[in-house]
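Read the structure below first, then the notes.
The values are calculated or read from the model by the stated rules, or taken from the named source; none is laboratory data. Note that the coordinates shown come from a computational prediction; the quantities given were computed from them, not determined experimentally. Cβ coordinates were reconstructed from backbone atoms using ideal geometry, including for glycine residues, and neighbour counts include every protein chain displayed. Accessible surface is based on the protein model in full, side chains and every heavy atom, while ligands, DNA and RNA are left aside. Shrake-Rupley method; radii C 1.70, N 1.55, O 1.52, S 1.80 Å.
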Amino acid sequence: MIVVGDEPHLPYNRPPLSKQVLAGSQSVEDCAFDCAALDVEWRLGVGATSLDPRRREIELADGARLRYARVLLATGARARAWPGTSGDLEGLFTVRGLEDAVALRAALLRSPRVAVIGAGFVGCEVAASARTLGLDVTLIDVAEQPMVPLGPELGARCAALHRARGVSLRLGVGVAGFEGAGRLESVRLADGSRVPADVGVVALGAAPNTEWLRGSGLRLEPGVSCDATLMAIGAEDVFCAGDITAWPHPLAGGLPIRVEHWATAAEQGAVAGRNLVADPAAREPYTGLPSFWSDQYDVKIQAVGLPGHAERMHVVEEREDGRLVAVGERGGLAVAAVAFNAPARLAWYRRQLAQGEALDVLLERPASAASGP
């Protein structure tokens, strides 16, 4: 088996990069996976540039061509850069890979003022990590609340969490550009105001790495369209896993979804790997519930299902210590559950979502179901 990757490193764990690595509680070495027992040939530091399903051939950036019997595509996603920037302004960063985290960590240790553009999951985690280091942090987003997929009420709670830790929030206003003579000095907002900053972190989400598949005949929307077994539609020897995968899910009414979270990528990798070597009749569908977590200060935010598909979030459990559970519904069907510092409770809701429970069933659950930590 051959494993190709455009990064020079062996596989490593990405979630700590915007959290523990930036805050200094975990080292780069701690992120490495133990790959010693894997019987594979590594082709690292060189990316794939094209795929020809008809000839069953992949071309690499160094000109090499690899023939395959079956192939698993897991090229992930890349951080979206600010339009028009080309790296000529020192102090502007994105966070996606190992080098990104190392460079940003070094910059944070010598720079007191940080502006984070984008209050999604990564942006909020970077802001929390920088504030934990005692830096002056401003979190900027054109949306009225952070973490938009969680809905306005939970977004407001996230905003309050950051304000309570001393983060300055500039919400409901876009960024017009960056200023500085070779080095970042300030972020210019659309309302004409300026945020002084030595470091700017652009956290505007990610784009799937599928450009190299143009011309392959695979359907890109923009992820690779797959069936429930994670086989690429129209290419029976090509399977996908992770950020580039678009596959049908029951919670989305059978429509294709694409999920950019660690747990989904790990689960899909296992299912796609088994299906890749199995007889077609023995292949299993991937029906796992998408899930994610985000560590911000002393709060662990966890979710299962599809919060971004919910029409409304209902807070169904709440305690004085700040722990809560909210359920997202769409058309009367529960499609997501979100917990703040309540992992044991989230496990119960996960089971209900997997069974396709209606919202009113969850709201009328037995009192005993709400017991426990």
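With respect to the stated conditions, P280 fails to be over 19 Å from T210 (Cβ atoms), surrounded by fewer than 17 Cβ atoms within 10 Å (Cβ to Cβ) and touching a residue at least 60 places away in the same chain (Cβ under 8 Å). Does G63 satisfy being open to solvent by less than 70 Å² (accessible area, probe 1.4 Å) and part of a loop (DSSP other than H, G, I, E, B)? Answer is yes for this residue. Screening L98 with (1) touching a His at 6+ places or on another chain (Cβ under 7 Å); (2) closer than 25 Å to A160 by Cα gives one miss only, at (2). Could you list all residues from the stretch 316-335 that are more than 27 Å from S129 (Cα to Cα), among the hydrophobic types (A, V, I, L, M, F, W, C) and either under 21 Å from the mean Cα position of the chain (by Cα) or open to solvent by 30 Å² or more (accessible area, probe 1.4 Å) (or both)? If the condition is that a residue be more than 27 Å from S129 (Cα to Cα), among the hydrophobic types (A, V, I, L, M, F, W, C) and either under 21 Å from the mean Cα position of the chain (by Cα) or open to solvent by 30 Å² or more (accessible area, probe 1.4 Å) (or both), then V316, V327, L333, V335 are the ones that fit.
Within the stretch 256-275, the set of residues being of a type in the set (A, V, I, L, M) and open to solvent by less than 30 Å² (accessible area, probe 1.4 Å) comprises I257, V259, A263, V271, A272. Elements of the type strands (runs of 3 or more DSSP E) sitting completely within the stretch 147-254 and holding at least 1 residues that are open to solvent by less than 20 Å² (accessible area, probe 1.4 Å) and touching a Lys or Arg at 6+ places or on another chain (Cβ under 9 Å): these cover 175-179, 186-189, 194-196, 199-202, 206-208, 238-240, 245-248. You will find that of T49, T75, the residue that is under 23 Å from S225 (Cβ atoms), in contact with a Phe, Trp or Tyr (Cβ under 6 Å, 6 or more places away or on another chain), touching a residue at least 40 places away in the same chain (Cβ under 8 Å) and among the polar types (S, T, N, Q) is T49 and no other.
For the stretch 341-356, does any single residue satisfy the condition of being of a type in the set (K, R), modelled with pLDDT under 90 and touching a helix residue (DSSP H, G or I) at 6+ places or on another chain (Cβ under 6 Å)? Within the stretch 341-356, not a single residue is of a type in the set (K, R), modelled with pLDDT under 90 and touching a helix residue (DSSP H, G or I) at 6+ places or on another chain (Cβ under 6 Å).
Scanning the stretch 284-308 for residues that are surrounded by fewer than 19 Cβ atoms within 10 Å (Cβ to Cβ) and more than 15 Å from the chain's Cα centre (by Cα) yields E284, P285, T287, G288, Y297, D298, V299, K300.
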